[in-house]
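Okay, so here's the structure we're looking at.
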Amino acid sequence: MNTQELGLAVVVTCLAGSTLHAEVVGEFEIGIGESTSTTIVQFGNLNQYIFTVNYDGSPTGRDVFDLMVDELPEYVTPDIESYDFGDFLYGLSIGDDHDEGFGTPPEYFDYWHYWTKDSMADEWEPSLVGFSDRFLFDGSVDGWVFDSGDAPIPAPSTFLALLGVVSIRRRRS
């Protein structure tokens with residue numbers, strides 16, 4: 001086994017033994033248009049919802065929530081507080097999952113953390129702007145995580161799909 005294969009085996013073993021696994025509870029395609037972005041929502045219980053958002057123009061991350069409510073009014077309910085400096089996602093219900101918070105002591109993590117990346121292949125970054133000021137572009141990805149300072153955890157099936165891609169690329173090399 002070469003060094004690269006050994007490193008991959010260690011990563012697989014560590015992730016397989018980890019108790020933190022997100023579970024994709026729902027996947028939805030919303031909107032219409034030529035451009036596509038993804039919004040991933042991860043609740044404190046690690047349930048994830050993935051929204052493929054189709055659009056024309058330059059919607060904001062905030063506009064995605066309006067689209068979710070328009071297309072899934074009985075299923076998605078955000079609680080968004082508006083301030084002079086922008087909007088704040090205070091609470092969110094999707095299906096049977098619900099989390100809300102404003103960052104109370106002592107941990108201060110009980111709020112919706114906003115993450116972004118330019119494409120699925122990029123690393124997550126904490127957003128430097130609020131979601132009402134984040135303009136989506138074709139291929140962009142937004143992530144919302146409650147009660148954790150960490151970026152969205154890939155679900156096991158997502159991780160295994162990525163391993164399959166790595167494996168195929170290695171064989172072709």
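All of the numbers you see were taken from the coordinates with simple rules; none came from a lab. Everything numeric in this text was worked out from a predicted model, so none of it was measured. Positions of Cβ are generated from backbone atoms using ideal geometry, with glycine treated the same way; all protein chains shown enter the neighbour counts.
Quick one: net charge of TYR83's neighbours, Cβ under 13 Å, K/R +1, D/E -1?
Taking every other residue near TYR83 into account, the sum is -3.
Using θ = phi - 60° and the Karplus curve 6.51 cos²θ - 1.76 cosθ + 1.60, what whole-Hz ³J(HN,Hα) does each residue of segment 120-134 get, with Gly and Pro shown as x?
Per residue, the Karplus-derived 3J(HN,Hα) values read 4, 7, 7, 7, 5, 10, x, 5, 8, 10, x, 5, 7, 10, 8 Hz.
Give me the Kirkwood hydrodynamic radius of segment 21-157 in Å, from all C-alpha pairs, to one decimal place?
Roughly 15.0 Å, rounded to one decimal.
Neighbour counts of other C-beta atoms within 10 Å: give me VAL141, VAL24 arranged from fewest to most.
In increasing order of surrounding Cβ atoms, one gets VAL24, VAL141.
Place a point 7 Å from the Cα of ASP133 along the Cα-to-Cβ direction; which residues of segment 40-74 have their backbone N under 11 Å from it?
Of the residues in segment 40-74, none has backbone N under 11 Å from the label point off ASP133.
Can you list residues whose amide H is under 5 Å from LEU72's amide H, if they're 5+ apart or on another chain and H is modeled 1.01 Å from N?
none
With +1 on the Cβ of every Lys and Arg and -1 on the Cβ of every Asp and Glu, and nothing else charged, how large is the dipole of segment 21-157 about its Cα centre, in debye rounded to the nearest 20?
200 debye
Toward the positive end of the charge dipole of segment 21-157, about the Cα centre and with charges on Cβ (Lys, Arg +1; Asp, Glu -1), which of SER37, VAL25, GLY91 goes farthest?
Result: SER37.
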